[in-house]
């Protein structure tokens, strides 16, 4: 099996980020701290077949976010994201 | 008591195998592929292995041909992934890290392995010396496939397998134990499978 077949897209982060942020996150706009590319979380390249979940920039491949889950703890690294743009909850579109 | 009919089992397990499986692990005959990023496909003509000081000074370097001209060893070891699979009697060919450090004045207490793709992992120097670690280029009699870390990966079988960094390109000698890619995000600094050191504080 080619490991590149194990790639997912950012929609696979929906449950995990929903748990972290308490809201739907795949439509949030992330800015890559490495290359400045802007894209919806749904467009990230995700590697989940690892000791943790890694989301990478589709443009440059940099790590944007990492999440490790143990039985009673989670660790989250969002350093690779310069910003996340979200719609305030409860506002009409 | 074991009521499983012999003929309905998979690979026959040797009676002493369970003693070789650390706590919380299960045996697999597969070789699962785990990766935190795309698989680099580094041609050996563009590959080198370096030993560098903490400040980045290059202390030793081998091209692929120079590396392959070093004495190598074939070792058969058990490996243990933190995702809970263990695999017994895996056979590797590689260069002992002792050989790679033999001409280096190493007063460091730790090393950080660095890799194509940006992965890092930290280890005490004494865990990669004394015949305990290799830079492996062969698996099961064949060149190491890129999916499993080829052209070369670190092999440190007495620690969880995330320490056996795929696509390794060198070792940085460190005064302090600086957490690597997974160690800075919850995984144990040392990672002894027999003490089940999976996460911080284990």
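Look at residue B:123 and say whether it is surrounded by 21 or more Cβ atoms within 10 Å (Cβ to Cβ), in a helix (DSSP H, G or I) and on the phi < 0 side of the Ramachandran plot. Here the answer is no, as residue B:123 does not meet what is asked. If you check residue B:62 against the conditions, is it within 13 Å of the chain's Cα centre (by Cα), surrounded by 15 or more Cβ atoms within 10 Å (Cβ to Cβ) and either away from chain A (no Cβ under 14 Å) or not in a strand (DSSP E or B) (or both)? Taking the combined requirement at face value, the residue does not satisfy it.
Residue pairs whose Cβ atoms lie under 9 Å apart, sitting 6 or more positions apart in sequence or on different chains, and linking a residue in the stretch B:33-57 that is away from chain A (no Cβ under 14 Å) and free of Cβ contacts under 8 Å to residues at least 12 places away in the same chain to a partner that is in a loop (DSSP other than H, G, I, E, B) and buried (at least 16 other Cβ atoms within 10 Å of the Cβ), are B:43/B:151. Residue B:89 fulfils the conditions (1) farther than 27 Å from residue A:62 by Cα; (2) in contact with a strand residue (DSSP E or B) (Cβ under 6 Å, 6 or more places away or on another chain); (3) touching a residue at least 60 places away in the same chain (Cβ under 8 Å) except for a single criterion, (3).
Taking the criterion of being outside any loop (DSSP other than H, G, I, E, B) and more than 9 Å from chain B (Cβ to nearest Cβ), the residues of the stretch A:54-89 that qualify are A:55, A:64, A:65, A:81, A:82, A:83, A:84, A:85.
Of all the listed residues (B:178, B:145, B:105), the sole one being touching a strand residue (DSSP E or B) at 6+ places or on another chain (Cβ under 6 Å) and on the phi < 0 side of the Ramachandran plot is B:178.
Being within 14 Å of chain B (Cβ to nearest Cβ) and either in contact with a helix residue (DSSP H, G or I) (Cβ under 8 Å, 6 or more places away or on another chain) or closer than 24 Å to residue B:38 by Cβ (or both) is a description that does not apply to residue A:25.
Readers should treat all values here as calculations from the given coordinates under stated rules, not as data from a laboratory. This structure is a prediction, so every number in the text was calculated from the model and none was measured. Note that we place each Cβ from the backbone using ideal geometry, even for glycine, and neighbour counts take in every protein chain shown.
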